[in-house]
């Protein structure tokens with residue numbers, strides 16, 4: 001009887017598997033007590049349902065926060081992101097300012113370099129010009145001048161003194177008549193500042 | 001509207017808090033009453049359940065229906081109340097109560113009186129099965145038991161209730 005009672009309990013809950021229902025209905029048909037029990041359990045189910053349905057429920061006195069504001073989860077991040085934006089803006093402004101200042105410094109250095117380079121080129125030209133002129137003047141005033149020839153030994157001019165035990169492979173002798181030149185004391189500053197010839 | 005599935009896999013709508021209250025407050029009250037057996041405590045339970053729901057709304061992942069989630073919150077709340085009252089009053093235990101000696105067994109016991117004699121655990125099973133029409137599987141998930149356990153306990157509860165009503 002306990003077995004059929006358990007099956008009745010499962011049946012009224014709608015949990016009796018289909019394959020067991022054939023045997024269940026057969027047992028019911030043969031057992032009047034089982035049928036009475038099924039009626040009682042069915043009535044119990046209806047009674048319990050009616051008991052809870054018929055309850056007098058008055059929940060008007062409850063204080064439930066029904067009008068809860070929708071949680072704006074982004075609100076709490078707003079202030080953080082605003083502060084971060086301001087910091088980034090200030091940092092960017094500072095960095096850009098420094099960058100532009102650095103750029104202008106670079107430009108100044110470049111200009112300085114170009115100016116110095118141009119000056120140096122000028123000095124080189126002046127030096128070369130002076131050398132050329134000097135050589136020309138030397139040739140004009142001294143026919144006895146012996147040009148320098150690389151890797152050749154000179155035969156000494158009679159009467160001329162040569163260096164004893166000289167290791168030089170060539171000799172250049174310039175015999176200048178300096179009186180042909182204007183007596184101008186040339187210093188380092190003159191060389192760099194003003195032209196020498198024609199002054 | 002967000003779509004979600006309940007334990008049985010049926011897709012249900014997602015209700016706002018006022019809609020939830022309107023729809024399920026009475027069921028929560030009945031369930032609480034089946035466990036706590038006191039109308040005032042059951043009303044308090046409804047209030048607490050919806051407050052807890054409001055506080056933990058974001059943790060709802062949609063693994064079950066909103067109603068089932070409310071039922072679980074209600075169950076946890078009510079059993080906490082029961083445990084605290086049990087620790088104070090050792091008279092109760094988890095088994096089905098005996099019929100009190102002072103009760104007149106010659107007179108018919110009403111269903112209401114008979115239900116009050118059952119323990120909260122057994123009342124809960126009857127409420128979920130008979131009134132809410134949950135399946136064994138759903139009841140097992142709500143109560144944290146196995147399906148077999150739910151089946152046997154429900155059967156025993158009905159047996160005892162029938163005996164009480166028949167004045168055995």
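Quick check on residue B:67: is it within 13 Å of chain A (Cβ to nearest Cβ) and either assigned to a helix (DSSP H, G or I) or modelled with pLDDT of 90 or more (or both)? Judged against the criteria, residue B:67 is not a match. Check segment B:106-116 and report whether any residue there is over 24 Å from residue A:4 (Cβ atoms), away from chain A (no Cβ under 14 Å) and at pLDDT below 90. Within segment B:106-116, one or more residues are over 24 Å from residue A:4 (Cβ atoms), away from chain A (no Cβ under 14 Å) and at pLDDT below 90.
Scanning segment B:157-168 for residues that are surrounded by fewer than 21 Cβ atoms within 10 Å (Cβ to Cβ) and within 9 Å of another protein chain (Cβ to nearest Cβ) turns up B:159, B:162, B:165, B:166. Here residue B:123 fits the description: surrounded by 14 or more Cβ atoms within 10 Å (Cβ to Cβ) and modelled with pLDDT of 90 or more.
May I ask you to verify whether residue B:133 is assigned to a loop (DSSP other than H, G, I, E, B), at pLDDT below 85 and within 14 Å of chain A (Cβ to nearest Cβ)? Before you say what the answer is, go through the steps one by one.
Values: assigned to a loop (DSSP other than H, G, I, E, B): yes; at pLDDT below 85: no; within 14 Å of chain A (Cβ to nearest Cβ): yes.
Taking the combined requirement at face value, the residue does not satisfy it.
Please specify each residue of segment B:136-156 satisfying the condition of being facing chain A (nearest Cβ under 10 Å) and either farther than 20 Å from residue B:82 by Cβ or surrounded by 22 or more Cβ atoms within 10 Å (Cβ to Cβ) (or both).
Filtering segment B:136-156 down to residues facing chain A (nearest Cβ under 10 Å) leaves B:136-137, B:139, B:147, B:150-152, B:154-156.
Of everything in segment B:136-156, those that are facing chain A (nearest Cβ under 10 Å) and either farther than 20 Å from residue B:82 by Cβ or surrounded by 22 or more Cβ atoms within 10 Å (Cβ to Cβ) (or both) turn out to be B:136, B:137, B:139, B:147, B:150, B:151, B:152, B:154, B:155.
For segment B:32-42: of the residues being surrounded by fewer than 20 Cβ atoms within 10 Å (Cβ to Cβ) and on the phi < 0 side of the Ramachandran plot, which is nearest to the other protein chains (Cβ to nearest Cβ)?
Restricting attention to segment B:32-42, the residues satisfying the condition of being surrounded by fewer than 20 Cβ atoms within 10 Å (Cβ to Cβ) are B:37-41.
From the residues that got through so far, the ones that are on the phi < 0 side of the Ramachandran plot too are B:38-41.
Values: B:38: 13, B:39: 9, B:40: 10, B:41: 13 Å.
Ranking the candidates gives B:39 first.
The values are calculated or read from the model by the stated rules, or taken from the named source; none is laboratory data. In this text the structure is predicted, and so the values were computed from the model without any measurement. A quick note on method: Cβ atoms are made from the backbone with ideal geometry, for glycine too, and the neighbour counts reach across all protein chains shown.
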